[in-house]
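Written below as structure tokens is the structure these notes are about.
The values are calculated or read from the model by the stated rules, or taken from the named source; none is laboratory data. What you see is a predicted model; the values in this text were computed from it and never measured. Virtual Cβ from ideal backbone geometry, glycine too; neighbours counted across all protein chains shown.
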Amino acid sequence: MTDIIDGNSVAERIRNDFGASIDALKDEGVTPGLATVLMSDDPASETYVSMKQRDCEEVGIDGIHVEIDPDAPAEELYETIEELNDDPEVHGMLVQMPVPDHVDSRQVIRAIDPAKDVDGFHPENVGMLVAGHPRFKPCTPHGVQKLLESADVDPEGKDVVIVGRSNIVGKPLANLLVQKADGGNATVTVCHSRTDDLAAKTKSADVVVAACGVPELIDGSMISEGATVIDVGVNRVDADTEKGYELVGDVAFDSAKERASAITPVPGGVGPMTRAMLLYNTVKAAGQQNE
Ligand code: GUN
């Protein structure tokens with residue numbers, strides 16, 4: 001029987017675990033605060049940000065939300081980031097990506113105080129991650145690590161193939177899994193759109209992580225019997241539903257399920273974990289700033 005890894009229940013467990021840390025901070029007069037900044041009218045981004053704010057409310061984190069007109073000059077965004085950097089009630093901050101074309105995303109990330117960069121995207125935090133002592137583990141890669149742990153899949157010594165080399169998922173996940181640390185010690189291959197014979201690579205893997213943003217790219221024929229499959233993809237594809245679309249992953253779930261020993265669904269797999277780890281990082285940031 002294939003184990004369908006339930007991201008919602010793992011996320012709930014994690015949220016309960018750090019609930020005690022939130023209570024302890026509140027006893028010391030500190031309520032963790034997370035600021036989200038949205039400079040986009042993309043409906044998917046709007047949904048992600050509102051879910052993050054709802055999560056904050058549910059666990060007792062102060063959520064602060066700032067919206068900036070996508071046509072506004074970039075300076076408006078930088079001024080907002082500076083204000084949030086200086087606000088002692090804001091412990092964590094994220095600018096939802098992507099930002100409009102006239103805004104330089106790398107400059108945006110560098111403008112965020114690294115101590116508040118709960119995404120873990122700032123070059124200082126990327127450096128700390130690569131060096132093996134992350135200040136904040138980036139949320140989606142950390143969530144993937146936690147899902148593997150929940151499925152009793154220890155990456156140590158295993159061949160892990162990551163399909164996708166983004167700064168948000170593929171690259172940081174490769175760094176986490178290769179580290180000499182619990183939840184690491186894997187042999188990691190990072191594949192991408194220029195990889196020759198992708199199927200040969202994925203078929204050789206004990207663990208396949210799909211994070212390339214191509215709907216259902218990885219099907220059952222590309223997975224070895226008994227592999228663990230983690231699907232990070234969230235793709236809106238046209239469908240005859242009320243909303244006019246449905247969400248599918250980067251994995252063709254039905255055929256992959258036939259061969260995998262454990263697999264995450266979309267939705268309800270990695271997504272809730274990303275959000276839980278963002279809250280985790282916010283609580284961690286508040287603790288660090290209260291030391
Ligand atoms: N856009 C898509 N994923 C993310 C994320 O993890 N953080 C931010 N800030 N923007 C995103």
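Annotations for the structure displayed:
- Condition met for residue 283 (under 30 Å from residue 116 (Cα atoms) and more than 16 Å from the ligand (Cβ to nearest atom)): yes
Okay, residues lined up against (1) basic (Lys, Arg); (2) farther than 30 Å from residue 71 by Cβ; (3) surrounded by 18 or more Cβ atoms within 10 Å (Cβ to Cβ); (4) within 15 Å of the ligand (Cβ to nearest atom):
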position: 116; (1), (2), (3), (4): yes, no, yes, yes
position: 121; (1), (2), (3), (4): no, no, yes, yes
position: 139; (1), (2), (3), (4): no, no, yes, yes
position: 142; (1), (2), (3), (4): no, yes, yes, yes
position: 154; (1), (2), (3), (4): no, yes, no, no
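- Note on the range 70-102: residues that are within 13 Å of the ligand (Cβ to nearest atom), surrounded by 14 or more Cβ atoms within 10 Å (Cβ to Cβ) and outside any helix (DSSP H, G or I) amount to 7.
- Residues of the range 217-231 that are among the polar types (S, T, N, Q), within 14 Å of residue 197 (Cα to Cα) and crowded, with 24+ Cβ neighbours inside 10 Å: none at all.
- Elements of the type strands (runs of 3 or more DSSP E) sitting completely within the range 219-291 and holding at least 3 residues that are without any contact (Cβ under 8 Å) to a residue 12 or more places away in the chain: there are none.
- Flag if residue 174 is small (Gly, Ala, Ser), over 18 Å from the mean Cα position of the chain (by Cα) and either assigned by TED's automatic domain parsing to the domain that holds residue 39 or away from the ligand (no atom under 16 Å from the Cβ) (or both): no
- Within the range 17-49, being of a type in the set (Ser, Thr, Tyr) and surrounded by 13 or more Cβ atoms within 10 Å (Cβ to Cβ) holds for 21, 31, 36, 40, 45, 48.
- Taking first residues from the range 57-69 that are in contact (Cβ under 8 Å) with a residue 60 or more places away in the chain and surrounded by 14 or more Cβ atoms within 10 Å (Cβ to Cβ) and partners that are part of a helix (DSSP H, G or I) and among the hydroxyl-bearing types (Ser, Thr, Tyr), the Cβ contacts under 7 Å between residues at least 6 apart in sequence or on separate chains come to 61/282.
- Residue in the range 183-190 that is crowded, with 20+ Cβ neighbours inside 10 Å, in a helix (DSSP H, G or I) and of a type in the set (Gly, Ala, Ser) present: no
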